[in-house]
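Data block below; observations after.
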There are 2 protein chains.
Amino acid sequence: MTITTDNPATAHRNGVDTAALFATLDAVKQMPPAAKFQFRAHNQWVQGTHSRSSIHDFFGVGEERCHEREFVFDADHPAVLVGKDNGPTPVEFVLHALAACLTAGMANIAAARKVTLTEVRSTVSGDIDLNGILGLQPVRNGYEQVTVSFVVKGDAPEEVLREIVEQSRQRSAVYDVITNGVPVDIDVEVA
Amino acid sequence: MTITTDNPATAHRNGVDTAALFATLDAVKQMPPAAKFQFRAHNQWVQGTHSRSSIHDFFGVGEERCHEREFVFDADHPAVLVGKDNGPTPVEFVLHALAACLTAGMANIAAARKVTLTEVRSTVSGDIDLNGILGLQPVRNGYEQVTVSFVVKGDAPEEVLREIVEQSRQRSAVYDVITNGVPVDIDVEVA
């Protein structure tokens, strides 16, 4: 009998390179400032409610970096909100961000716990009363409530799969931003 | 001399159909529940930190509706964060959402005030210490600070252009979500 380390299949359980994940954790433990990141989006107004953002450069692990390619996204309002529907509304991108953040965390956490996930699906919905942004009623401008409904399948007992969701919630950057809020400064240069 | 209403060019100042905008405001004034919307994103895990959202259906003005087409977005982590860079990180989508929301509001508000904008650009940056999501230090998981830097040009005095930015901030759904937070419920079905 021999004791083996993870075979190649389980070393990339859930598509997660767990060796790299643990090596990254160890590296940051040795050098905490490496974990200071700055992310950015560069937006250009097109017309009406239509604008376009480029996401490419960021700072992390002590230096300026770039994604492998530039990502470009349009946002707009649908016709019922006096736009031309060239993209989702800004508030819909927030829901995508939340789903993606929780789901990425679940894959990492499951891999670290040697749980193989076979499916993760979610619908994120946000209820909003547009009387706020229209200035017609004294209600808030943003979502009143956001609800995430997950369907999760994997080779672990239900209790463990639920723990994985819960641990991801506790470690989610977007969940923290949305539930706890973040200070936002706005600078304006009139050119 | 005749008194004329707006000519076709100014009626669509900034690409905003101001007649439709004011008609929408009047219609919602008459029937406030029309402004109750629910937006949604449907997300499917791909592998590792990579997931994909579909944004298509929403509820508003009393009925189920759809965008003119389905919008699909990938999210992932870059290699430095143990992903495959198939899309921006979830937290970057939040920055895009903020830029797009403030910018859409500026175009509408400027049109309503008969100000023609000729350029609106912004960079939104978010500072985050990933020691939080890595569970290595007692810092928050999300952004510590978000900064929006606008460049605005238009046919109005600097003071008026600054007021337009400020009014947009006061009426922005995403700004409200990010600065004030929203309750998030998470339901899990283990299939």
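The values are calculated or read from the model by the stated rules, or taken from the named source; none is laboratory data. Just so we're clear, the structure is a prediction, and the values are computed from it rather than from any experiment. Counting neighbours? That spans all protein chains shown, and the Cβs are built from the backbone with ideal geometry, glycine included. Each accessible area value is taken on the protein alone, full model and side chains, heavy atoms only, with ligands, DNA and RNA left out. Shrake-Rupley method; radii C 1.70, N 1.55, O 1.52, S 1.80 Å.
List of remarks:
- Residue count for segment A:47-72, restricted to those that are closer than 30 Å to residue B:112 by Cα, in contact with a Lys or Arg (Cβ under 7 Å, 6 or more places away or on another chain) and either crowded, with 19+ Cβ neighbours inside 10 Å or within 8 Å of chain B (Cβ to nearest Cβ) (or both): 2
- Scope segment A:168-191; condition assigned to a helix (DSSP H, G or I) and either at the interface with chain B (Cβ under 7 Å from one of its Cβ atoms) or open to solvent by 40 Å² or more (accessible area, probe 1.4 Å) (or both); matching residues: A:169, A:170, A:173, A:174, A:175, A:176, A:177, A:178, A:179, A:180
- In this structure, residue B:118 does not satisfy being buried (at least 19 other Cβ atoms within 10 Å of the Cβ), β-branched (Val, Ile, Thr) and part of a strand (DSSP E or B).
- Residue check for residue A:97: open to solvent by less than 10 Å² (accessible area, probe 1.4 Å), more than 7 Å from every other protein chain (Cβ to nearest Cβ) and closer than 27 Å to residue A:158 by Cα: no
- Selection status of residue B:38, without any contact (Cβ under 8 Å) to a residue 24 or more places away in the chain, farther than 14 Å from residue A:122 by Cα and among the polar types (S, T, N, Q): yes
- Residues in segment A:11-41 that are of a type in the set (A, V, I, L, M, F, W, C) and more than 8 Å from chain B (Cβ to nearest Cβ) were compared, and the one that is surrounded by the fewest Cβ atoms within 10 Å (Cβ to Cβ) is A:31.
- In this structure, residue B:77 does not satisfy being part of a helix (DSSP H, G or I) and either buried (at least 19 other Cβ atoms within 10 Å of the Cβ) or β-branched (Val, Ile, Thr) (or both).
- Segment A:132-150, residues that are facing chain B (nearest Cβ under 7 Å), surrounded by fewer than 20 Cβ atoms within 10 Å (Cβ to Cβ) and under 22 Å from the mean Cα position of the chain (by Cα): A:145, A:147, A:149
- The listed residues are B:148, B:165, and the only one of them that is under 28 Å from residue A:72 (Cα atoms) and part of a helix (DSSP H, G or I) turns out to be B:165.
Matching residues to (1) farther than 30 Å from residue B:98 by Cα; (2) modelled with pLDDT under 95; (3) among the polar types (S, T, N, Q):
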site: A:113; (1), (2), (3): yes, no, no
site: A:120; (1), (2), (3): no, no, no
site: A:128; (1), (2), (3): no, no, no
site: A:142; (1), (2), (3): no, no, no
site: A:147; (1), (2), (3): no, no, yes
site: A:150; (1), (2), (3): no, no, no
site: A:155; (1), (2), (3): yes, no, no
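- Residue B:153 falls short on exactly one of the conditions (1) touching a Leu at 6+ places or on another chain (Cβ under 8 Å); (2) assigned to a loop (DSSP other than H, G, I, E, B); (3) open to solvent by 40 Å² or more (accessible area, probe 1.4 Å), and that condition is (2).
- Neighbours by Cβ (under 9 Å, 6+ apart or cross-chain): first from segment A:78-99, basic (Lys, Arg); second assigned to a loop (DSSP other than H, G, I, E, B): A:84/A:48; A:84/A:49; A:84/A:76; A:84/A:77; A:84/A:78
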